[in-house]
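Worksheet: the structure to be examined is printed underneath.
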Amino acid sequence: MTMRRRNFLWGSAAVLGGGALGLGGAQVLSSVGSLAAESGDPDGVFPNIVLTSHESRNYRFYDDLIRGKKVIFNFFYSGCGDICPLSTQRLVEVQEMLHGRVGRDLHMYSVTLQPELDTPAVMRGYMETYGVQPGWLFLHASREDIELLRRKMGFVDPDPELDADLESHIGVVKFGNDEIGRWGACPSFADPEEILASILTIDPSPAARS
Amino acid sequence: MLLRNVGNEKQQERARLNRMEIIDAKLSRRDLIRYGLLAAGGMLVAKSGLSIRASGAATLVSPRTTPWAEPLPIPQPLQPNTSFDLSKLSAGLNGDSSEAPRASHQLWDYYKPRKFYEIEEKQRTWSFHKDLPTQPIWNFQGDSDDSAHYAEPTLHARYGEPIVVRNKNNLPANHKGYGIPDTSTHLHNAHNASESDGNPSDYYGSGYYKDFHYCNKLANDDPNEALGFLWFHDHRLDYTAQNVYRGLVGTYILYDELDCNDETNVNGFRLPSGEYDVPLVFGDKVFNSNGIAYYDLFALDGIIGDKQTVNGKIQPFFDVKKRRYRLRLLNTGPSRFLSFKFSNNMPFWQISNDGNLLPKPIKRTSINLTVAERVDIIVDFNSATGSDVFLMNVLEHIDGTGPTGKILNPGTPLLKFNLGPTAADGSINPDQIDKLRGLPVMDTVINKTRTWIFNRQNGAWSVNGQLFNRNIVNAKCKLGTAEIWNFENGGGGWSHPIHMHYEEFRILSRNGVAVKPGDVEYARKDVIWLHPGEKVKVYVKFRDFTGKYPLHCHNVVHEDHAMMARYDIVDGPAS
């Protein structure tokens, strides 16, 4: 693709994004408003946006969800037919394999890419459908905040056409330990035992011997 | 509002149906991974306007550094521990509580070690440039004061001289920041048994050591199988890119009686030797505003920096004499592809591909080097005029997708050669070399043909639609047999440097066009620059050892996100 074509697509994607925000965002997000990113962590990687959970509780991304914690997160949307069903299924299996650690010393977050549709009630239904156990937060925020978060967390495709297409969204689970600054990622549709092995690398002292 | 609720119900209903579909189909895990089966869900959500990429790290610009301010560090060969009692070593474990587990060394009784080396992976300090602060890196070797030697050790090994390298992991167990203090050191291109290969899943933690048995054995005992320029690096599953970026890189040079490190030996190839045989280890980095090497932990496509290091220094100078040099070029990535030429456009001779000597030298003026590839070149500085000449990278490479293909003019100077006085030269003019290393004869019987398709899968990376699972054997290859492997780029405009461990291969064709004698790829290779949309056919034979080995993309960011498969060499039928 030529640069000219890329620039054109980038421009149109931005226009579409603004349009979508105008249509659906206001009512859902009236309680929290849309916040410009405030730097959360010292490196400025994690935007301190406000997210609302499936229980309608508000959290600041860095201060409440990341700071000093071991976390696992991905992006989803409940209407996704291509990527999320298998990913969520896998992560539910991983949650089981973590034997109650989720919500205690490991925190799982799934952030919707369709905040207008994935209201707390819809997210609760989604969780029920998939058998998500307690301790795993499903979250939404304003479209533009989610967009910022998505970019900062690297859930992007360098091809703007693909990047603008929800159907081809990034199917990766990110895991990290903010206290020691260790972050990795793996495909969210990998075999659960491989996802688990990857996630466990965020424990400060991984298995001493393989 | 009403419309939205209807939408919600539909969405939710579909989510439910999706779930039911998975359960009803009772599909195996591997079937489920195949995307196509899950894509039959009818109309999906209309394309929406998730907007442009503006990742924070992509905009990071390194602080300015003054070019040509410091000399090129020359890696020095590691010396063996001669006081170590070799009889204490055995095929099995040493029975020591700090030894990492491994399988028993294969062929131990035939290749008992004659030398014992020790390396220690540790955090040490290094200065990439005098304008940047001295900073902690991880590497294999240092001075007594724990300042690092970058891209060291260089191990000088010889055929017929098996060695054991004891690799102690003393990386900081309480480390903070990118990188993980586990390790599995892979000797890239070596004909080593699986237990000494440095398999990505054979990592061990800080405080433990492992003995690697390097037989320095010719594959099939064929002198035409001799290897030359190898390198080693950490290969810890999921963290290879981070650990290599921290500095866990070294080189390994194998000699034999022909490639003998003595340019005056009339029985040898008479290639420039000693101080005139120099490894040039290239790395790609970006530094934050404090001048500390920065690793973007949130990149899935690749890490592209704006400062290239040569043997760990940014734009160093090298005082050379006016004579021939053998320069061994290695691209350690993590993701940048390179294309070299000299600023005066002078020709040079390529004498190897992936470190293996070619049938004869090939004269050229530019050379491509994808991640993990090596080439040895002979440069005659006596042919250069003026006081200096620069080694340039001329390939534009902007993101993890791969190089754009644009050749930059003039490009980026990476290394400055200050031309000194003429010096005696015992090496031979490469134009007069009729024959270097012949190519081994290929089997006519092919036991199996396989196809490996490398693809992007929603931000992660797959091989044949599957994501790496250390316990799934994707191919079983019968010991002593040859196979044809087709490497295919799954598309999307991505370039991938594809590497298989252990056995080298011969490229037979690219997109159906045969590689012919005289071509630089008419050679033994272990890395393929797989261009967008390309299909490459190779011949490979499995010899000497059994066990597990990986096959992966050497854009190590792709590799860490599952672009890897496992093949096992078995003493049984292929499957």
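The values are calculated or read from the model by the stated rules, or taken from the named source; none is laboratory data. Please read these numbers as outputs of a predicted model, since none were measured by experiment. Cβ sites come from the backbone with ideal geometry, for glycine too, and all protein chains shown count toward neighbours. What goes into the accessible areas is simple: the full protein's heavy atoms, side chains included, and nothing from ligands, DNA or RNA. Shrake-Rupley method; radii C 1.70, N 1.55, O 1.52, S 1.80 Å.
Overview of results
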{"quantity": "For segment B:87-134, alpha-carbon Rg relative to the globular expectation (2.2 N^0.38 Å, N residues)", "calculated": "1.87"}
{"quantity": "Of B:N174, B:V463, B:P316, farthest towards positive along the dipole that unit charges on Lys, Arg, Asp, Glu beta carbons give chain B", "calculated": "B:V463"}
{"quantity": "Nitroxide proxy distance, nm - points 7 Å out along Cα→Cβ at B:V441 and B:N224", "calculated": "0.8"}
{"quantity": "Amide H contacts under 5 Å for B:H156, placed H, 5+ residues apart", "calculated": "B:L78, B:I253"}
{"quantity": "Inter-chain shielding of A:149-162 (mean C-beta neighbours from other protein chains, 10 Å cut-off)", "calculated": "6"}
{"quantity": "B:T125 long-range amide H proximity, modeled H, under 5 Å", "calculated": "B:I137, B:S147, B:A148"}
{"quantity": "Whole-percent carbon and sulfur share, accessible surface of segment B:275-432, 1.4 Å", "calculated": "47"}
{"quantity": "Computed over segment B:448-570: relative contact order in percent, which uses C-alpha pairs under 8 Å that are six or more apart", "calculated": "36"}
{"quantity": "DSSP beta bridge pairing in chain B, given as percent antiparallel to the nearest 5", "calculated": "70"}
{"quantity": "Three semi-axes of the equivalent ellipsoid, segment B:517-556, Cα gyration tensor, whole Å, largest first", "calculated": "21, 17, 9"}
{"quantity": "Using alpha-carbon coordinates, inclination of helix B:2-25 to the longest axis of chain B, degrees", "calculated": "70"}
{"quantity": "Charged-residue dipole, Cβ positions (Lys, Arg, Asp, Glu), chain B about Cα centre, Debye nearest 20", "calculated": "1560"}
{"quantity": "Buried area at the B-A interface (accessible, heavy atoms, 1.4 Å probe, summed, Å²)", "calculated": "6700"}
{"quantity": "Test item: Cα-centred dipole of segment B:86-268, Lys/Arg +1 and Asp/Glu -1 on Cβ, debye", "calculated": "580"}
{"quantity": "Percent of C-alpha pairs per 10 Å bin, the protein assembly as shown, short to long", "calculated": "2, 14, 24, 25, 19, 10, 5, 1, 0"}
{"quantity": "Share, in percent, of DSSP beta bridges within the protein assembly as shown that are antiparallel, nearest 5", "calculated": "70"}
{"quantity": "Sulfur and carbon atoms: percent of accessible area, segment A:97-158 [1.4 Å]", "calculated": "53"}
{"quantity": "Rounded to the nearest 20 debye, dipole of the protein assembly as shown from Cβ charges on Lys, Arg, Asp, Glu", "calculated": "960"}
{"quantity": "Approximate spin-label separation A:I180-B:S90, in nm, with each point projected 7 Å along Cα-to-Cβ", "calculated": "3.4"}
{"quantity": "³J(HN,Hα) computed for each position of segment A:146-160 - Karplus, 6.51 cos²θ - 1.76 cosθ + 1.60, integer Hz, glycine/proline x", "calculated": "5, 4, 5, 4, 4, 5, 5, 7, x, 8, 9, 10, x, 7, x"}
{"quantity": "Lys/Arg +1, Asp/Glu -1 at C-beta; the protein assembly as shown dipole; positive extreme among B:W529, B:P113, B:M564", "calculated": "B:W529"}
{"quantity": "Packing-based ranking, highest mean first, of B:254-265, B:203-214, B:88-99 given that Cβ atoms within 10 Å are counted", "calculated": "B:203-214, B:254-265, B:88-99"}
{"quantity": "J(HN,Hα) series, segment B:262-272, from Karplus relation 6.51 cos²θ - 1.76 cosθ + 1.60, nearest Hz, glycine and proline x", "calculated": "8, 5, 8, 6, 5, 8, x, 6, 6, 8, x"}
{"quantity": "Estimated vicinal HN-Hα couplings, Hz - segment B:399-404 in sequence order (Karplus 6.51, -1.76, 1.60; Gly, Pro = x)", "calculated": "9, x, 4, x, x, 6"}
{"quantity": "Under 19 Å from B:K406, Cα to Cα: aspartates and glutamates that are on another chain or at least 8 residues apart", "calculated": "A:D159, B:D284, B:D306, B:E396, B:E534"}
{"quantity": "Estimated D of segment B:275-432 in µm² per second, where Rh is the Kirkwood radius over Cα pairs and Stokes-Einstein applies at 37 °C, 0.692 mPa s", "calculated": "200"}
{"quantity": "For segment B:448-570, alpha-carbon Rg over 2.2 N^0.38 Å", "calculated": "1.01"}
{"quantity": "Surrounding net charge for B:N368, when Lys and Arg each add one and Asp and Glu each subtract one, Cβ distance under 11 Å", "calculated": "0"}
{"quantity": "Cross-link reach list, lysines versus A:K69, counting only Cα pairs under 19 Å and skipping chain neighbours closer than eight places", "calculated": "A:K152, A:K174, B:K176"}
{"quantity": "Other-chain or far-sequence residues with amide H under 5 Å of B:N189's (modelled H)", "calculated": "B:Y502"}
{"quantity": "Dimensionless Rg over Rh [segment B:509-575; C-alpha; Kirkwood]", "calculated": "1.01"}
{"quantity": "Potential extension, A:E128-A:E193 segment - 0.36 nm per residue separation minus Cα distance", "calculated": "21.1 nm"}
{"quantity": "Accessible area expressed per residue, chain B, with surrounding protein chains retained (probe 1.4 Å, Å²)", "calculated": "36"}
{"quantity": "Averaged over A:116-124, number of beta-carbon atoms from partner chains that fall within 10 Å", "calculated": "3"}
